[in-house]
There are 2 protein chains.
Amino acid sequence: MAPGQGAGSADLEVVDALVRASFVTMGVLTKVAAAHDLSLTQLRVLAILRDHRATMGELAAYLGLDRSTISGLVDRAEKRGLLQRVANPDDGRGIHVVLTEVGVRLAATGAAQVAEGLAASVNGLSAAEARRLATLLDRLHAP
Amino acid sequence: MAPGQGAGSADLEVVDALVRASFVTMGVLTKVAAAHDLSLTQLRVLAILRDHRATMGELAAYLGLDRSTISGLVDRAEKRGLLQRVANPDDGRGIHVVLTEVGVRLAATGAAQVAEGLAASVNGLSAAEARRLATLLDRLHAP
DNA sequence: TACTCTTGTTGGTAATACCAACTAGCCGTG
DNA sequence: CACGGCTAGTTGGTATTACCAACAAGAGTA
């Protein structure tokens, strides 16, 4: 176990804090989703489709899920009128998934509620601290 | 919508970073869990029981899940020999859930792998930055 | 044209999680 | 002491999530 390369004791502190914060964050997300009768994954799909229109495969890759899982998710969301499957003119097998008007509104509401739910936590920080936290967090996954 | 109290634009930045980081973190946790044929929740149960022995109700409250959900989780984990139900001498209906030897080892291995999986991200930060990040994260939920 | 790869769906299974209903044990009042 | 109410866990039923394997249909290439 290559000492000097494993997680040092200082790192453990960060890792713990990160995991704890992540669970709290996920809790907020899950609660917001549940308030609209959505699962966390469905809320995530809406959030993704808010910016990009995506194919089934892209959604699967982005979420790290099997394509067949996406089929089911999109099925149910489509039945609820949140999104729509659109044929891809460039590729007969491919499909584009796009939000409906209702889906767009729901995605916006959800995003706002997530922000609101987390604001309670974030408000404990000063503006400068908040910015520093954001920077540090972003640097985590952009080495 | 009550300006001055809602999520300001500066906050949005943090919220986004936090949500992104949380999903990455959860991804690591889920992968570690899956490597041991555990769900994320089961890994969490092991992590909790590593420190405290708990009743079913405490587990449910801590995880924010229904008691019946815990019954099933504990059922399966017990069948796998990871933990054990122990009668509570002080309360005939209550039950204590404790890790077995195997469960303790698995919890330790899991924790180590989570730390290792996240170390890759955290290593991009200096020791001082890491400490600052940990402090800021902890202050999020301890106002 | 024939072969292969990709895209998405279907069918089958296990696990997660909920609710409602239930059992069993605790506890306070009368 | 007995009775009603409360708490702790379990059970049964259902919907959803997610996987894998097998498939149909289109795209691309030899």
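Results, tabulated for the structure shown:
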read-out	value
Criterion: among the β-branched types (Val, Ile, Thr), more than 16 Å from DNA strand C (Cβ to nearest atom) and within 13 Å of residue A:11 (Cβ to Cβ) - qualifying residue of B:98, B:122	B:122
The listed residue being within 11 Å of DNA strand D (Cβ to nearest atom) and closer than 30 Å to residue A:123 by Cα, out of B:30, B:135, B:41, B:69	B:30
Pairs where the first residue, in region B:67-78, is more than 14 Å from chain A (Cβ to nearest Cβ) and the second is within 8 Å of DNA strand C (Cβ to nearest atom) and part of a helix (DSSP H, G or I), C-beta under 8 Å, 6+ apart	B:67/B:60; B:70/B:60; B:70/B:63; B:73/B:41; B:73/B:42; B:76/B:42; B:77/B:42
Looking only at region A:26-57, and only at residues there that are over 15 Å from residue A:96 (Cβ atoms) and of a type in the set (D, E, K, R), the one that is modelled with the highest pLDDT	A:44
Among (1) within 12 Å of DNA strand C (Cβ to nearest atom); (2) assigned to a helix (DSSP H, G or I), the one test that residue B:47 misses	(1)
Residues of region A:54-83 satisfying the condition of being over 25 Å from residue B:28 (Cα atoms) and loosely packed, with under 15 Cβ neighbours inside 10 Å	A:75, A:76, A:79, A:81
Residue among B:33, B:17 that is touching a residue at least 40 places away in the same chain (Cβ under 8 Å) and either closer than 25 Å to residue A:139 by Cα or more than 7 Å from chain A (Cβ to nearest Cβ) (or both)	B:33
Some residue of region A:98-116 being of a type outside the set (D, E, K, R), touching a Leu at 6+ places or on another chain (Cβ under 9 Å) and over 22 Å from residue A:40 (Cβ atoms)	no
Boolean, residue B:51 is more than 26 Å from residue A:40 (Cβ to Cβ) and touching a Ser or Thr at 6+ places or on another chain (Cβ under 9 Å)	no
Any chance residue B:99 is without any contact (Cβ under 8 Å) to a residue 24 or more places away in the chain and surrounded by 15 or more Cβ atoms within 10 Å (Cβ to Cβ)	no
Total residues in region A:46-56, condition within 12 Å of DNA strand D (Cβ to nearest atom) and free of Cβ contacts under 8 Å to residues at least 40 places away in the same chain	0
Selected residue (criterion: farthest from the other protein chains (Cβ to nearest Cβ)) from residues of region B:84-134 that are outside any helix (DSSP H, G or I) and among the β-branched types (Val, Ile, Thr)	B:86
Any chance residue A:64 is on the phi > 0 side of the Ramachandran plot and under 15 Å from the mean Cα position of the chain (by Cα)	yes
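The values are calculated or read from the model by the stated rules, or taken from the named source; none is laboratory data. Not measured: the values here are computed from a predicted model. Quick reminder, even Gly has a Cβ in these numbers, built from the backbone with ideal geometry, and neighbours come from all protein chains shown.
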